[in-house]
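The structure appears right after this line, and notes come after that.
Every read-out reported here was derived from the displayed coordinates using simple, explicitly stated rules and does not represent laboratory data. All of these numbers come straight from a predicted model, not from anything done at the bench. Note that each Cβ is placed from the backbone with ideal geometry, even for glycine, and that neighbours are counted across all protein chains shown.
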Amino acid sequence: MSSEKFLDKKSLKRLDRELQSLISRDGFDRKTEDEVFDKSTLHTLEKLISDGVIGILDFPISTGKEGNVFRGVTPKKKFVAVKIYRTSTSTFKHISDYILGDPRFKSIKRTRRAIVHAWTKKEFKNLERLNKAGVRAPKPIISIDNVLVMEYIGDAERAAPLLKDVTMKNPKEIFDTLIDFMSKMYKKAELVHGDISAYNVLMYENQPYLIDLGQGVLVEHPNALEFLKRDINNLVSYFKKFNITADENEIFRNIIKKKS
Ligand SMILES: Nc1ncnc2c1ncn2[C@@H]1O[C@H](COP(=O)(O)OP(=O)(O)O)[C@@H](O)[C@H]1O
Ligand SMILES: [Mg+2]
């Protein structure tokens, strides 16, 4: 079944039951449910369940402007992270600006839903490129429509904290690693993150992981260098608080320098 138009009462009821079994009661509030699970998202989740990608959604890790992230558990009891983009997002304009400049998504339809789906696929592909380039980031597992399933970073107790919320033992090493990630990302993955900050880096076992790759652009994007400068500036400013000094222009030049 692909079109939600043909949802009759019976299948709606079935979906409702699926939803009930999908969501364990703890830590789940009604508001999140109403916002996230529109009919077609339910279909997608249902497909992920019947395909054995997820068993249940555990609890929401985060509720954001553009979507929510849940911890999921697979039938084999492994954790995954499930990011669900809202198709009725108020930040839609922001999304379409990034997507419409990307040659990989030239032929997508200009409807809101199609654009959010393309955005989700873009995050999947960007995560794939990062992993290939040796940049630490969640491994993407599958994306369908507005739902992205990826490697869960964290342990049984809790999802990995954000960089902004941890006390770093070795800020200099972490800073250098992040600059190295940006460089590998530019040179090997040919991508610019576009939203690097202490809010989009997870810290797990004292190692940083880049997340939130939806807005990542190819280096040939007209604004790629401007985004790169901003990313560098964000990191340098953040690490200044930990007495790390760095020359932003030098970092920029080294990143965009051709491989010799
Ligand atoms: N793979 C993951 N493993 C664990 N937690 C994650 C993962 N991806 C995202 N999160 C959590 O979900 C939050 C939101 O994810 P993010 O991709 O930054 O989306 P947005 O900022 O657009 O809401 C993150 O701040 C992080 O706490
Ligand atoms: Mg984020």
Please tell me which of these pairs span more than 27 angstrom C-alpha to C-alpha: Lys77/Lys187; Lys106/Lys164; Lys121/Lys229; Lys125/Lys229?
Lys77/Lys187; Lys106/Lys164
Residues in segment 67-82 that a label on Ser88 would reach, taking backbone N under 14 Å of a point 7 Å out along Cα→Cβ
none
If I histogram all Cα-Cα distances within segment 94-246 using bins 10 Å wide from 0, what percent of pairs lands in each bin?
11, 40, 35, 12, 2
Taking alpha-carbon centroids only, segment 51-77 lies from segment 168-197 a number of Å equal to 27
Two-site label geometry, Asp247 and Lys139: point separation in nm, points 7 Å out along Cα→Cβ
4.0
Pair Tyr199, Phe59: separation of 7 Å Cα→Cβ label points (nm)
2.3
Going by C-beta contacts inside 10 Å, put Val135, Val166 in order with the fewest on the left.
Val166, Val135
Extension gain (nm, one decimal) between Asp51 and Ala114, 0.36 nm per residue minus Cα-Cα
20.4 nm
Using Cβ counts within 10 Å as a stand-in for footprinting exposure, how do Ser50, Ser143 rank, fewest first?
Ser50, Ser143
Largest-first semi-axes in Å of the equivalent ellipsoid built from the Cα gyration tensor of segment 132-198 are 22, 20, 10
Taking 0.36 nm per intervening residue step and subtracting the Cα-Cα distance, what contour gain separates Ala156 from Ile256 on full extension?
32.0 nm
Between Lys76 and Lys188, how many nm apart are label points set 7 Å from Cα along the C-beta direction?
2.5
